[in-house]
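Colleague: Have a look at the structure that comes next, please.
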Amino acid sequence: MIRRHFLTTTLTATLATQIRAADGSPAKKITLRSSWQTVNIGDIAHTPGMLVLLEKYQPQAEITLWPSSVKDGVKELLLARFPKLKIAESREEKLAALHECDFFLHGSGPGIVGKNDMLKAQDAGKPYGFGGITLNDSEIKNDRALLEGAQFVFLRDTQSLEALNASAYSGPKPMFGPDATFAVDLADKPAAEKLLAQHGLEPGKYLCAIPRLRWTPYWEIHHKPINAERDAVNKQFAEQDHAKLREAITSWVRETGMKVFLTPEMSYAVSLLKPLLFDGLPDDVKPEVAMMDRYWLTAEAASTLSMAAAVVSFECHSPILAIGHKVPAVYLRQPTDTRKGQMYRDIGVPQWIHEIEEVEGKDIAATLLKIAADPATANATVTAAHSFAHEKMKAMVEAI
């Protein structure tokens, strides 16, 4: 029995090392630098989105994920959907993933989040590339050599693209490559259906609304000293911003007869749902508004968003998840947010992004009510945006 087990194990291991691509060449190994944090369903979503694209357009490749964090159930979430995925968590595993890979890919994110590890890839002589990131001016100036040494640079918004092209950059021609979150197919429909039943919501008959402070209070999340300047900005604008969303929620309930579900994108936002959105609603509207009382992970969130009539959000990635499931979504951009909001214009839905300081609550309401009144047009619009994003993401991943 022991000998049989040994032979079986040895044969399996031998076969595993002899996996070959369709043309007979050895399967290529790609190390994906991603999974930036777990307190944000959007940052979680970057990874499964890119893994879906790699699975579809690089099917023969062996993928190893080099994460910043896959705690809080995220590791299990990823392995349930991608059982062949290797995750390099220890220092030794990460060094092996770098040494053995044929390509080092920086996944979607708010910037060159994995800069130090991309530098390691560059120093090791590994070909590498950037797949769907936003760049700020500091990165364009200070990380030029790293960008110029890449095989490709795909930027998820054209504002970053224009800024890089306007600089002294002389590397590979930068291209537009959407945030991989558009490709997420994680799902937990049973959990989502249970959630809807718990709150008396019907599929296709509710609006998801997501809050956000102007600056994410990472000092609270990570229990660090307060950033007094940013905290002051949050306190100054929290009510002003969310009063506009409450006005839109009120119009939605009164005009459409449909309910509203208040949900978080980040863990800290759970505590904001009641004071910033629910408490200030009129008494006739409150009974039609349900509210999450906990944080959730991307699979349950994606399934819940996918069954909504529409999504309206101060956060960027809940609308992306919605559009990825062909659900109309309105993004309320705050001036403290980055260039990433340009994505909505870039994929063809400029009418669904509102600069919060340039609109009133009635303007947000008008956009949402137009979606509700003409779902056929809204569905055609979101389907076209979905197709365009996938076309560009395909080119991004095939570039490897």
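The values are calculated or read from the model by the stated rules, or taken from the named source; none is laboratory data. Everything quoted here is computed from the prediction, not taken from an experiment. Note that each Cβ is placed from the backbone with ideal geometry, even for glycine, and that neighbours are counted across all protein chains shown.
Colleague: Quick one: which residue in 311, 359 is of a type in the set (A, V, I, L, M, F, W, C) and either at positive phi or over 20 Å from the mean Cα position of the chain (by Cα) (or both)?
Modeller: Matching residue, one of 311, 359: 359.
Colleague: Another question about this same structure. How many residues does region 118-144 contain that are assigned to a helix (DSSP H, G or I), aliphatic (A, V, I, L, M) and farther than 24 Å from residue 395 by Cα? Even if it seems obvious, please write down each step before you answer.
Modeller: Applying the first criterion (assigned to a helix (DSSP H, G or I)) to region 118-144 yields 118-123, 137-142, 144.
Pick out the ones that are also aliphatic (A, V, I, L, M) and you get 118-119, 121, 140.
This time we only want the ones that are farther than 24 Å from residue 395 by Cα, so: 119.
Residues in region 118-144 being assigned to a helix (DSSP H, G or I), aliphatic (A, V, I, L, M) and farther than 24 Å from residue 395 by Cα: 1 in total.
Colleague: Return the residue satisfying two criteria in turn: it lies in region 130-145 and is touching a Phe, Trp or Tyr at 6+ places or on another chain (Cβ under 8 Å) and farther than 14 Å from residue 168 by Cβ, and of such residues it is surrounded by the fewest Cβ atoms within 10 Å (Cβ to Cβ). Give the derivation first.
Modeller: We begin by selecting, within region 130-145, every residue touching a Phe, Trp or Tyr at 6+ places or on another chain (Cβ under 8 Å); these are 130-133, 140, 144.
Among the residues that remain, those that are also farther than 14 Å from residue 168 by Cβ are: 130-133.
Values: 130: 29, 131: 30, 132: 29, 133: 26.
Checked region 130-145; the qualifying residue surrounded by the fewest Cβ atoms within 10 Å (Cβ to Cβ) is 133.
Colleague: Here's something else I'd like to know. Looking only at region 257-289, count how many residues are under 28 Å from residue 349 (Cα atoms) and either of a type in the set (Asp, Glu) or assigned to a strand (DSSP E or B) (or both).
Modeller: 7
Table: residues versus (1) under 30 Å from residue 50 (Cβ atoms); (2) surrounded by fewer than 22 Cβ atoms within 10 Å (Cβ to Cβ); (3) among the aromatic types (Phe, Trp, Tyr).
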site	(1), (2), (3)
314	yes, no, yes
323	yes, no, no
344	yes, no, yes
357	no, yes, no
360	no, yes, no
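Colleague: Looking at (1) outside any loop (DSSP other than H, G, I, E, B); (2) more than 25 Å from residue 315 (Cα to Cα); (3) not aromatic (Phe, Trp, Tyr), can you tell me which one residue 48 breaks?
Modeller: Going through (1) outside any loop (DSSP other than H, G, I, E, B); (2) more than 25 Å from residue 315 (Cα to Cα); (3) not aromatic (Phe, Trp, Tyr) one by one, residue 48 breaks only (2).
Colleague: Quick one: in region 71-117, which of the residues that are in a loop (DSSP other than H, G, I, E, B) and of a type in the set (A, V, I, L, M, F, W, C) is surrounded by the most Cβ atoms within 10 Å (Cβ to Cβ)?
Modeller: Restricting attention to region 71-117, the residues satisfying the condition of being in a loop (DSSP other than H, G, I, E, B) are 71-73, 82-85, 88-90, 101-102, 107-108, 110-114.
Pick out the ones that are also of a type in the set (A, V, I, L, M, F, W, C) and you get 82, 85, 88, 101, 112-113.
Details: 82: 19, 85: 19, 88: 19, 101: 24, 112: 22, 113: 21.
Out of the qualifying residues, it is 101.
Colleague: Can residue 206 be described as touching a residue at least 24 places away in the same chain (Cβ under 8 Å), more than 19 Å from the chain's Cα centre (by Cα) and not assigned by TED's automatic domain parsing to the domain that holds residue 287?
Modeller: no
Colleague: What number goes with the only condition from (1) closer than 30 Å to residue 388 by Cα; (2) in contact with a helix residue (DSSP H, G or I) (Cβ under 7 Å, 6 or more places away or on another chain) that residue 225 does not pass?
Modeller: (1)
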